[in-house]
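Okay, so here's the structure we're looking at.
The values are calculated or read from the model by the stated rules, or taken from the named source; none is laboratory data. These numbers come from a predicted model, not from an experiment. All Cβ positions, glycine included, derive from the backbone under ideal geometry; neighbour counts span all protein chains shown.
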Amino acid sequence: MKPKVFIQTNERQLLGSLVSAYSLKRNSADPDAFDVEIMHTRDYPFLAAKEGQEFLRGEARRVWRMDDLQSFTPLRFMPPQLMGYQGRAVVIDPDIFAVGDINELINRDMDGAAVMGRRRSDKEEKSSQIATSVMLMDCSRLQHWQPEVAFNELFSFKRDYKDWIVLADEPAENLGVLENEWNDFDRLTPATKLLHNTKRRTQPWKTGLPVDYTPADKFKKYPLLPTLNRLRAKIFGEYGLLGSYHAHPDPEQERFFFSLLRECLDNNVISESIVREEMASNHVRHDALAIIEQLTAKAA
């Protein structure tokens, strides 16, 4: 069975996922060695079935919203099932773009692990947490992953989202650690293999748009924050008073994304009409095509 790279997405991050898919093939020496599949939230009705219901996240209760920027995250656990629990798969977020060759990750020695990801944090108390935004999976060894069942357990308060999303409940012997370069958090260096624009407020294609995600409740650091967030949402709307997306602090990462988008347009991978639709929907910054024109002029 041919390995497959899965990209999760939703309506708000669709353009990112299309650019991500292009980057994977573009930057591989053997693009035919793997397939790419985009997993869209609209194709998984068990997610929409919980719209408006409360779930457990970090000891606090949150409301599940399909229009949240990151409503795709439960799909991180779908690939083994979609692969029939056979072969290897990689899953990535829609804001991750290949700089290196994904085949190097697919074919690496997993050293006995069933699933591999980078450490989520350098802090000692979080050293066991895995960043599941990029995972390499031996699907045959993950038959215990039943994502729809696990997702539903969030709403019966049997499972905490924060534990689930960092593989806290996975047996330690199943876990392997990737180098940070395979999920570089807003860092683009000569060593970067997969660039992750993980800081939501500074995603390069969102600059200037109104924030459309729910901020994390830092329950332990700010115990009153969940209550204040619920009060804010009740009075001002789900994303009221959250401000706008900021420019990315590294102009090179902005250029990297828009250079890829420009190539997608030039090669008819993405149509200009899709970009315009995403701009009109406030999913992509309104000057996206102007930035591409500037890049084209500089390259001429």
Next item on the list: Determine, yes or no, whether ASP32 is in the same structural domain as ASP109 (by TED's automatic domain parsing) and within 18 Å of the chain's Cα centre (by Cα).
Entry: no
Next item on the list: Would you please name the residue that is surrounded by the most Cβ atoms within 10 Å (Cβ to Cβ), looking only at residues in segment 108-136 that are without any contact (Cβ under 8 Å) to a residue 24 or more places away in the chain and farther than 26 Å from LEU69 by Cα?
Entry: SER127
Next item on the list: Could you check segment 1-87 for helices (runs of 4 or more DSSP H) lying wholly inside it with 3 or more residues that are in contact with a Leu (Cβ under 7 Å, 6 or more places away or on another chain)?
Entry: 14-26
Check: Which residues, taken from segment 137-161, are surrounded by fewer than 15 Cβ atoms within 10 Å (Cβ to Cβ) and part of a helix (DSSP H, G or I)?
Finding: SER140, VAL149
Next item on the list: Please state which of the following conditions GLU37 fails to meet, knowing it meets all the rest: (1) charged (D, E, K, R); (2) in contact (Cβ under 8 Å) with a residue 40 or more places away in the chain; (3) under 25 Å from GLU153 (Cβ atoms); (4) surrounded by fewer than 20 Cβ atoms within 10 Å (Cβ to Cβ).
Entry: (3)
Notebook entry, point to check: In segment 162-206, how many residues are in contact with a His (Cβ under 7 Å, 6 or more places away or on another chain) and assigned to a strand (DSSP E or B)?
Noted result: 2
Margin query: Just to be sure before I move on: is ARG88 crowded, with 17+ Cβ neighbours inside 10 Å and among the charged types (D, E, K, R) in the structure I sent?
Written below: yes
Note to self: Looking only at segment 88-113, count every residue that is out of contact with any Asp or Glu (no Cβ under 7 Å at 6 or more places or on another chain) and part of a helix (DSSP H, G or I) and tell me the total.
What the structure shows: 4
